[in-house]
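Notes follow the structure.
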Amino acid sequence: MLFRSIECKASGEALPSESDDESYTINVSGSKAVLYAASDFGALHGLETFLQLPKWDKEGWFLPEASIRDQPRFAWRGLMIDVARRWQPTEVIERNIDAMVVVKLNVLHLHLTDDQGFRIESLTHPELQGKGSDGRYFTQSQMRAIIDYASDRGVRVVPEFDIPGHATSWVVSHPELASLPGPYGIERQWGVFNPVLDPTNEATYALLGDFLGEMGALFPDRFMH
């Protein structure tokens with residue numbers, strides 16, 4: 001292969017979004033290989049495909065002639081990781097992001113709160129992770145690093161905070177907001193549990209307003225579950 005080129009029409013936005021043009025083409029013929037993409041995220045996908053092209057025979061490695069025209073059928077191609085029920089540290093999340101890139105998934109859906117754990121740091125209400133996580137949660141600094149790591153690879157991070165049900169880890173620190181009297185402890189089993197956040201208590205909305213406003217500032221994606 002004597003000549004290779006990557007042509008990218010536009011650099012795109014700093015953060016990936018569902019409106020990105022992720023299409024690309026690859027043409028390999030003779031001594032020339034050209035990758036063309038409408039955006040840098042399309043170029044990233046094209047490079048992943050290009051890495052899958054080399055073949056091996058008795059004379060060594062080579063690139064077969066190819067003409068590839070690829071674009072996603074779905075703008076949202078997600079993987080959900082439930083760190084609330086089964087904690088996974090940063091290095092595992094990043095390893096999964098790397099695997100997502102190989103198969104061109106572009107949304108990491110992080111399930112961060114449930115009956116079994118509260119896995120994100122709140123600065124406005126530190127008692128939430130203080131009592132609801134067993135000490136296993138992402139600091140906001142760690143989460144920003146995950147978001148940056150994902151964005152550099154064309155992957156969005158969408159957080160999930162379960163409310164008003166699946167909320168035991170919330171009411172460990174705030175039993176006064178539960179629909180039934182406490183006290184509560186983090187659930188160690190799986191199933192359907194009775195406590196939910198009380199929608200008739202105005203203090204419920206004050207806590208959620210603080211927390212969700214804080215999370216809206218932390219997570220740049222326009223979607224929150």
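Starting from the Cα of residue 32, draw a straight line to each of the lysines and keep only those under 23 Å, dropping any in the same chain fewer than 8 residues away.
Within the straight-line cut-off, residue 32 pairs with 9, 55, 58.
Need the C-alpha centroid separation for segment 147-175 versus segment 80-102, integer Å.
Going from one Cα centre to the other spans 13 Å.
Under 8 Å for C-alpha pairs, at least 6 residues apart: give me the relative contact order for segment 175-225, rounded to a whole percent.
29 percent
Can you tell me which of 168-178, 74-84, 148-158 comes out highest on packing, and rank the rest after it, using the mean Cβ neighbours within 10 Å?
Averaged packing, sorted descending, gives the order 168-178, 148-158, 74-84.
Rounded to a whole number, what % of the accessible area of the chain do carbon and sulfur atoms account for, probe 1.4 Å?
That fraction is 54 percent.
Could you report the chain's accessible area per residue, 1.4 Å probe, as an integer in Å²?
Per residue, the chain has an accessible area of 54 Å².
Taking Cα extents along the principal axes in Å as the quantity of interest, determine which of [x] 74, 36, 28; [y] 80, 41, 35; [z] 75, 39, 36 was computed from the displayed structure.
Answer by label: [x].
As I understand it, the dipole of the chain uses +1 on the Cβ of Lys and Arg and -1 on the Cβ of Asp and Glu, about the Cα centre. Which of 74, 151, 102 lies farthest toward its positive end?
102
Give me the angle, in degrees from 0 to 90, between the Cα long axis of helix 90-102 and the longest principal axis of the Cα atoms of the chain, rounded to the nearest 10.
It works out to around 40 degrees.
Roughly what % of DSSP beta bridges within the chain run antiparallel, to the nearest 5?
50 percent
To the nearest 10 degrees, how steep is helix 40-51 against the longest Cα principal axis of the chain, on a 0 to 90 scale?
It works out to around 60 degrees.
The values are calculated or read from the model by the stated rules, or taken from the named source; none is laboratory data. Worth saying up front: this structure is predicted, and the values here are computed from it rather than measured. Neighbour counts are summed over all protein chains in view; Cβ atoms, including those assigned to glycine, are modelled from backbone coordinates with ideal geometry. Accessible surface areas use protein heavy atoms only, side chains included; no ligands, DNA or RNA. Shrake-Rupley method; radii C 1.70, N 1.55, O 1.52, S 1.80 Å.
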